[in-house]
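Asks: The following block contains the structure, expressed as structure tokens.
The values are calculated or read from the model by the stated rules, or taken from the named source; none is laboratory data. Values in this document were obtained by computation on a predicted structure and should not be read as measured data. Here Cβ is always computed from backbone atoms with ideal geometry, including for glycine, and neighbour counts include all displayed protein chains. Ligands, DNA and RNA are excluded from the accessible area calculation, which covers all protein heavy atoms including side chains. Shrake-Rupley method; radii C 1.70, N 1.55, O 1.52, S 1.80 Å.
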Amino acid sequence: MTSLIRPVKIGAEKTKVPKTKTVTKHHEFQMNKTYGQHLLKNPLIIDAIVEKSQLKSTDIVLEIGPGTGNLTMKLLESCKKVIAVEIDPRMAAELQKRVAASPFAGHIEIILGNFLEVELPYFDVCVANVPYQISSPLVFKLLSHRPTFRSAVLMFQKEFALRLAANPGDNLYCRLSVNTQLLSKVTHLMKVGKNNFLPPPKVESAVVRIQPFNPPPPINFVEWDGLIRLCFSRKNKTLSGIFRVKSVIEMLHQNYKTFCALENKMETDEMTEEKMKDLVIRVLEENESLESRSSKMEINDFLKLLNKFHEVGIHFK
Ligand SMILES: C[S@@+](CC[C@H](N)C(=O)[O-])C[C@H]1O[C@@H](n2cnc3c(N)ncnc32)[C@H](O)[C@@H]1O
């Protein structure tokens with residue numbers, strides 16, 4: 001359930017049996033591990049995140065998972081308003097109390113709910129130490145939000161952050177890297193050690209900046225992701241090897257027939273699986289991609305390839 005809360009209704013939602021008991025400056029809380037509750041306790045890291053966010057005094061900032069407000073209080077000093085989406089009513093209540101006792105009482109809106117399910121309002125910048133367990137859907141929810149925001153400065157598990165920012169040839173270059181970098185510029189900003197959190201997580205962390213391209217590229221993301229999913233199914237295999245597999249040809253043949261039906265084109269009896277295979281290999285050959293491996297391909301290489309496939313009626317969804 002999504003609701004705008006003021007005042008916060010404590011106990012509106014049941015929380016799991018707590019695992020870790022943590023005392024912070026403001027309260028005694030029992031942290032809920034399923035919500036990834038690791039509060040930022042180092043003020044220097046908090047200051048660095050706010051500084052890297054390059055906020056304007058007129059900005060509306062979206063914070064995902066404000067917790068007890070350690071980052072929120074700093075954000076409030078640098079912007080017009082913070083909209084904070086928090087799933088745990090105990091955290092939301094604590095935040096509400098903390099802000100009410102500060103000069104920023106009228107500058108916060110708390111949305112109690114699951115970030116992945118709430119309808120997001122307008123915001124200029126997103127800043128958050130996010131719950132790591134929802135990192136991937138969180139990024140794509142932000143990137144599909146309209147109107148496009150200016151930038152997001154986000155703390156993730158280190159390996160996830162490195163994947164987001166990875167370049168062709170890097171070990172961690174993957175589907176997540178190309179899908180994110182198709183839609184935005186990703187910059188790695190800093191590493192953050194476990195001991196800056198309370199309680200410390202098991203993994204190291206890192207902060208990245210994501211700046212969505214505005215306007216977004218005019219690409220059918222379902223088609224794009226279909227191609228990318230296939231190419232990265234074995235990222236070190238040649239495209240020729242990937243596309244010759246029988247199940248892949250069957251899938252592309254089926255897509256071809258569906259596409260013809262949807263476009264009211266004559267169902268071509270002549271298009272057999274054998275011919276589909278020849279067509280696919282011809283496209284790869286003409287595009288000089290037979291020996292290409294996804295692990296080394298740039299975003300533009302994939303875009304060019306997708307266009308070539310579309311030109312001959314080959315679709316990925
Ligand atoms: C890593 S803690 C960060 C807390 C705080 N921002 C800080 O840095 O001290 C993640 C926060 O996200 C909240 N959270 C977890 N899952 C969420 C979800 N799906 N939607 C919104 N908030 C969520 C947790 O309750 C917790 O407050």
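Asks: Contour minus end-to-end for Lys246 and Thr148, with contour as 0.36 nm per residue of separation and end-to-end as the Cα-Cα distance?
Replies: Details: separation 98, 0.36 × 98 = 35.28 nm, distance 4.07 nm.
Answer, rounded to one decimal: 31.2 nm.
Asks: Across region 71-78, in residue order, what do the Karplus-derived ³J(HN,Hα) couplings come to in whole Hz, using 6.51 cos²θ - 1.76 cosθ + 1.60 with θ = phi - 60° and x for Gly and Pro?
Replies: 7, 3, 4, 6, 4, 4, 6, 10
Asks: Something else about it: In deg cm²/dmol and to the nearest 500, what is the mean residue ellipticity at 222 nm of the chain if only DSSP H runs of at least 4 residues count, each as -39500 (n - 2.57), divided by the residue total?
Replies: -11000 deg cm²/dmol
Asks: Have a look at Trp224, Ile64, His38 and report the one farthest towards the positive end of the charge dipole of the chain, computed about the Cα centre with Cβ charges (Lys/Arg +1, Asp/Glu -1).
Replies: Toward the positive end, the furthest listed residue is His38.
Asks: Additional query: Taking Cα atoms, how many degrees apart are the long axis of helix 246-262 and the longest axis of the chain, rounded to 10 and kept between 0 and 90?
Replies: Orientation of helix 246-262: about 90 degrees from the principal axis.
Asks: Long-range amide H contacts for Phe213: which residues qualify at under 5 Å (H placed 1.01 Å from N, peptide plane, sequence gap of 5 or more or a different chain)?
Replies: For Phe213, whose amide H was placed from the backbone, the distant partners under 5 Å are Ser184, Lys185.
Asks: Given a 1.4 angstrom probe, what's the average accessible area per residue across region 44-145, in square angstrom? Walk me through the numbers on the way to the answer.
Replies: Values: 3700 Å² over 102 residues.
Accessible surface, normalised per residue, equals 36 Å².
Asks: Follow-up. From the cross-link list Lys235/Lys277; Lys191/Lys235; Lys80/Lys191, which pairs have alpha carbons spaced over 25 Å apart? All intermediate terms of the calculation are to be shown ahead of the outcome.
Replies: Values: Lys235/Lys277 21 Å; Lys191/Lys235 27 Å; Lys80/Lys191 28 Å.
Correct reply: Lys191/Lys235; Lys80/Lys191.
Asks: Taking a cut-off of 18 Å between Cα atoms, list the aspartates and glutamates near Lys275, but don't count ones fewer than 8 places away on the same chain.
Replies: Glu250, Glu267, Glu285, Glu286, Glu311
Asks: On a 0 to 90 degree scale, rounded to 10, what angle separates helix 89-100 from the longest Cα axis of the chain?
Replies: The angle comes out near 60 degrees.
Asks: I'd like the Karplus ³J(HN,Hα) series for region 170-182: coefficients 6.51, -1.76, 1.60, θ = phi - 60°, whole numbers in Hz, and an x wherever there's a Gly or Pro.
Replies: Going residue by residue, I get 6, 4, 8, 4, 7, 4, 4, 4, 6, 5, 6, 6, 5 Hz, with x marking Gly and Pro.
Asks: Tell me the angle of helix 273-286 to the major Cα principal axis of the chain, expressed in degrees between 0 and 90 and rounded to the nearest ten.
Replies: The two axes meet at around 70 degrees.
Asks: Could you name the aspartates and glutamates in cross-link range of Lys158, using Cα to Cα under 16 Å and dropping any fewer than eight places away on the same chain?
Replies: Asp170, Glu204
Asks: Sticking with this one: Roughly to the nearest percent, how much of the accessible area of the chain is carbon and sulfur, given a 1.4 Å probe?
Replies: C and S atoms contribute 51 percent here.
Asks: Related question: For region 35-45, in order, what is each residue's ³J(HN,Hα) by Karplus, 6.51 cos²θ - 1.76 cosθ + 1.60 with θ = phi - 60°, in whole Hz (x at glycine and Pro)?
Replies: With coefficients 6.51, -1.76 and 1.60, one gets 9, x, 7, 10, 7, 6, 10, 8, x, 5, 5 Hz.
Asks: Something else: For region 221-311, what is the accessible area per residue in Å² when the probe is 1.4 Å?
Replies: Details: 5310 Å² over 91 residues.
Heavy-atom SASA per residue in region 221-311 reads 58 Å².
Asks: Pairs Lys81/Lys202; Lys74/Lys202; Lys257/Lys308: which are spaced more than 23 Å apart, C-alpha to C-alpha? Mind showing how you got there, number by number?
Replies: Details: Lys81/Lys202 33 Å; Lys74/Lys202 26 Å; Lys257/Lys308 18 Å.
Check vs 23 Å cut-off fails for Lys81/Lys202; Lys74/Lys202.
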